[in-house]
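Since every read-out is calculated from the coordinates, none of them should be taken as a lab result. All values derive from a computational prediction rather than experimental measurement. Neighbour counts run over all protein chains shown; Cβ positions are idealised from the backbone, glycine included.
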Amino acid sequence: MRAGRGRQRALLGALALSGVLVLTGCQGDDADDGAPPATPPSAPGSRPAGNQTAAPTPTRTAAPTPAVPPAASAVGATATATPAGKPQPKPKPPAPGATCDHTMPISPDEVAVNRYTPEGGFHSLIVRHGNWGCGAPGTDGAPFETVGKETFIPIAADAEITAVTPIVASTENQKITLQQLIDWLVAHPDQGLVFRYHLGADVSSGEGPAIDTLHQVFTP
């Protein structure tokens with residue numbers, strides 16, 4: 001009988017011990033779930049965590065743009081105005097020069113020779129006086145513009161005469177005789193070739209001074 005009671009007591013003690021252990025475990029879990037997290041100790045001089053405010057973010061200030069020196073600005077402006085590889089505009093043509101104008105109405109020592117005549121017993125050239133006009137665009141030279149009527153000018157038999165094309169095959173003056181000039185004028189009348197002349201001594205007939213030098217003027 002005593003032995004049965006002893007077993008009952010031992011069993012009841014074991015059950016009680018188990019209940020205590022169960023209650024202790026549940027209280028530990030509740031403590032872990034409901035307790036606020038522990039607050040770490042604050043460093044000396046720091047403010048409590050609850051009253052701390054976010055520190056302002058520092059603002060970066062852009063560095064001031066360095067001033068461009070005048071020389072650099074001028075170079076940059078030039079490069080912008082005329083980019084590399086762009087053809088340069090061409091320069092404008094110069095202003096036209098002075099217009100053609102006659103300073104003398106008649107040349108004092110130039111005539112257009114048309115023909116030859118032996119009338120009066122001495123050699124004479126039938127000529128017309130004039131002056132150089134204004135050359136037209138695209139032409140080789142200015143024309144010799146004659147004025148007035150034909151006149152006679154005696155020429156000495158020994159006159160010094162030079163000629164160019166078409167009398168001779170040359171653009172530089174070549175010396176010829178009076179007979180050579182007469183032959184060409186007879187074969188080619190009224191060509192109006194221009195000659196520069198000079199009057200010398202009187203002819204033997206007494207008709208006045210005669211040509212002693214006669215040089216043809218080359219015209220293209």
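Extension gain for D183-S170 works out to 2.9 nm (0.36 nm per residue, less the C-alpha to C-alpha distance). Would you grab the residues whose amide H sits under 5 Å from the one on S107? Only those 5+ places off in sequence or on another chain, please, with H modelled 1.01 Å from N. The list, which skips near neighbours in sequence, is G130, N131. In loop segments of the stretch 131-212 as defined by DSSP, the trypsin sites (Lys or Arg not before Pro) with at most 16 further C-beta atoms inside 10 Å of their C-beta are K149.
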